[in-house]
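S.K.: The structure that follows is given in the form of C-alpha cells.
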Amino acid sequence: MKKFPFVIFILQISFSALTLAGQGTIRQSADKLGKNIGVAVSNQFFRFSDDHQYKTLLKSEFNTVVAENVMKPVSIEPVRGQFLFDKPDSLIAFAAANGMKVRGHCLVWHKQIPRWMNNDQLSSGELFAILKEYITTVVTHFKGRIFAWDVVNEAIDEKEADSFRKSAWMKVLGPSFIDSAFVWAHRADPTALLIYNDYGAEDIGAKSNAVFTLVKAMKARNIPISGVGLQCHFQLGKTNFDGMKQNMERIARLGLQTQITELDISLPSDQLTNENYEKQAREYEQVMSLFLKDNNCTAFMLWGLTDKFSWIPGFSLNKRGSALVFSEDYSRKPAYNSVFNLLNKSVRNK
Ligand code: G3I
C-alpha cells in the first residue's frame, strides 16, 4: 500500500520529463527536414535588445527571415542617391549569427517607394535608369546573403483589360519593366532565386490565371525567373486549398518553384472564439501540409512573429486580427500547435 504514492511520484516525474522532451520548436523540425520556415521581421526588431523575448523566439522557432518593411525602396533610398543599409545589414547579421536564411522583399512595387521614384511624369529613359540603378545597387550590396528576392511585387490587376496594374512603372515603362527587373537582379546576384510575388493568386481564378500567363511567357522568353510567391493573406473560411494545390502544381509544371511568402489567416475581431481558433489551426495545418508535400515549394513564411505587431488590425481598422501563430503575449496558439505537430510527424515519418 505504501508503495503506491511513490509509484505515482515516479510516474509524474517521467511524465514531466516526457513532456519536456516532447517540447521543441518549429525550427528543430524545419532544420531536420531541410525546409525554410520563417517569419517577416517587424520594425520593432530594430529597437529590441539582444535578449528580448522577440529575438529569442525568432531564432529558436524559425530558420528564415524576411524584413517586413526595411528592405523596401522607401526605406533603402528615401533620398535619391542615399542608400540606407544599416537596418537590413543588422537583420542579416542577426540571421548569419543564428544560421538563418534571408529572403529579400521587395525590389519593385507600386507601394512604399519614395516620392522621387514614384513619378509617372518622368521620361521613360529616366525611370528606366532609376530602376536599373536601384536594383543593381541593392542586389549587389546584398549579394550572396539573400537566398530569394521578391523582384516584382503585385504587378497584376486582373480587372485591367491587359491584366497589368497601372503603376508608375507600368504607365511609363510598359510591361517590359518586369523582364528588365529580373535580368538586372540576376546580373547582380546570379545565385539568388528570383521570385514574382502577388496576393489573391493562390488558388485557381482570374488573378492566378493572369500571374500564370505572365510567368509562363517570361519562362518562354528565357527571363531568369525562379518562381512564384504566393502571399497567402487569408481570411478564415475563405480559402480553396484544393485550388491552391492545383495552382502550385501547374506552376511546378512550368519549371518554376513556388514559395509561401506572407502567410497569415485573420479572424473577425468580434469572433475570437475557441472554435474559430481551432478552425484557424486546421487551415494553418492545410497550408503547412501543402508545403511539406511539395518539394517544389521552397519557403514557408509567416507575415509576422506575433499578433502584437501584425499589420492586419491597423489595415482593417481593427475589424480583423489574431492572424498569426503566436498571440500578443507571445504564447503558442492552437495554430502554432497544429503546425508544430505536423512538422514533428513529418520528421518521424522521414
Ligand atoms: O515609416 C512610417 C513611420 O515613419 C511612421 O512613424 C509610421 C506611423 O504610422 O508609419 C510608418 O510607415 C508605415 C510602415 O508600414 C512601417 O511601419 C506605413 O504607414 C504602413 O502603411 C506600412 O504598412 C506596411 C504595408 O506593407 C504597406 O503597404 C505593413 O507594415 C506591411 O506588413 C505590409 O506588407 C505588405 C507586403 O510588403 C506586400 N504584400 C502585402 C503586405 C501586407 O499589406
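S.K.: Considering region 30-80 alone, what residues qualify as being more than 11 Å from the ligand (Cβ to nearest atom), out of contact with any helix residue (DSSP H, G or I) (no Cβ under 9 Å at 6 or more places or on another chain) and under 25 Å from residue 113 (Cα atoms)?
M.R.: Matches in region 30-80: 47, 79.
S.K.: So, one more: Check region 222-231 and report whether any residue there is in contact with a strand residue (DSSP E or B) (Cβ under 8 Å, 6 or more places away or on another chain), of a type in the set (Val, Ile, Thr) and within 16 Å of the ligand (Cβ to nearest atom).
M.R.: Yes.
S.K.: Follow-up. So which residues in region 85-104 are assigned to a strand (DSSP E or B) and within 16 Å of the ligand (Cβ to nearest atom), if there are any at all?
M.R.: 102, 103, 104, listed by residue number.
S.K.: Return the pairs, sorted by first residue and then second, in which the second residue is of a type in the set (Lys, Arg) and assigned to a strand (DSSP E or B), the first residue lies in region 50-73 and is surrounded by 17 or more Cβ atoms within 10 Å (Cβ to Cβ), the beta carbons are less than 9 Å apart, and the residues are 6+ apart or on different chains.
M.R.: Taking only residues 6 or more apart or on different chains, the pairs are 63/101; 64/101; 64/103; 65/101; 65/103; 66/103; 67/103.
S.K.: If only one of 259, 235 is within 16 Å of the ligand (Cβ to nearest atom), crowded, with 20+ Cβ neighbours inside 10 Å and of a type in the set (S, T, N, Q), which one is it? Lay out the reasoning, then the answer.
M.R.: Details: 235 fails: crowded, with 20+ Cβ neighbours inside 10 Å.
Only one candidate passes the filter, namely 259.
S.K.: In this structure, does residue 107 turn out to be in a strand (DSSP E or B) and either within 16 Å of the ligand (Cβ to nearest atom) or surrounded by 14 or more Cβ atoms within 10 Å (Cβ to Cβ) (or both)?
M.R.: Considered against the rule, which asks whether it is in a strand (DSSP E or B) and either within 16 Å of the ligand (Cβ to nearest atom) or surrounded by 14 or more Cβ atoms within 10 Å (Cβ to Cβ) (or both), residue 107 comes out as yes.
S.K.: Further, regarding this structure: How do the pairs read when you match residues in region 269-288 that are free of Cβ contacts under 8 Å to residues at least 60 places away in the same chain with residues anywhere that are aromatic (Phe, Trp, Tyr), using Cβ under 7 Å and keeping only pairs 6 or more apart or on different chains?
M.R.: Within 7 Å, the pairs are 283/234; 286/241; 288/300.
S.K.: For the structure I just gave you, tell me whether residue 125 is surrounded by fewer than 16 Cβ atoms within 10 Å (Cβ to Cβ), more than 15 Å from the ligand (Cβ to nearest atom) and outside any helix (DSSP H, G or I).
M.R.: Considered against the rule, which asks whether it is surrounded by fewer than 16 Cβ atoms within 10 Å (Cβ to Cβ), more than 15 Å from the ligand (Cβ to nearest atom) and outside any helix (DSSP H, G or I), residue 125 comes out as no.
S.K.: Next question. For residue 143, state whether it is surrounded by fewer than 19 Cβ atoms within 10 Å (Cβ to Cβ), more than 18 Å from the chain's Cα centre (by Cα), more than 16 Å from the ligand (Cβ to nearest atom) and charged (D, E, K, R).
M.R.: Against the criterion (surrounded by fewer than 19 Cβ atoms within 10 Å (Cβ to Cβ), more than 18 Å from the chain's Cα centre (by Cα), more than 16 Å from the ligand (Cβ to nearest atom) and charged (D, E, K, R)), residue 143 qualifies.
S.K.: Scanning for something within 16 Å of the ligand (Cβ to nearest atom), at pLDDT 95 or above, part of a loop (DSSP other than H, G, I, E, B) and in contact with an Asp or Glu (Cβ under 7 Å, 6 or more places away or on another chain), does region 324-343 turn up at least one residue?
M.R.: yes
S.K.: Another question about this same structure. If we only count helices (runs of 4 or more DSSP H) wholly inside region 17-84, which ones have 2 or more residues that are of a type in the set (Lys, Arg)?
M.R.: 26-33, 53-61
S.K.: Same structure again: Any residue in region 20-46 that is at pLDDT 95 or above sitting within a Cβ distance under 8 Å of a residue that is within 16 Å of the ligand (Cβ to nearest atom) and among the acidic types (Asp, Glu)? List the pairs, counting only those 6 or more apart or interchain.
M.R.: Once the first residue is at pLDDT 95 or above and sits in region 20-46, its partners that are within 16 Å of the ligand (Cβ to nearest atom) and among the acidic types (Asp, Glu) give 40/68; 40/262; 41/68; 42/68; 43/68.
The values are calculated or read from the model by the stated rules, or taken from the named source; none is laboratory data. All values derive from a computational prediction rather than experimental measurement. Every residue, glycine among them, receives a Cβ derived from its backbone with ideal geometry; neighbour counts consider all protein chains shown.
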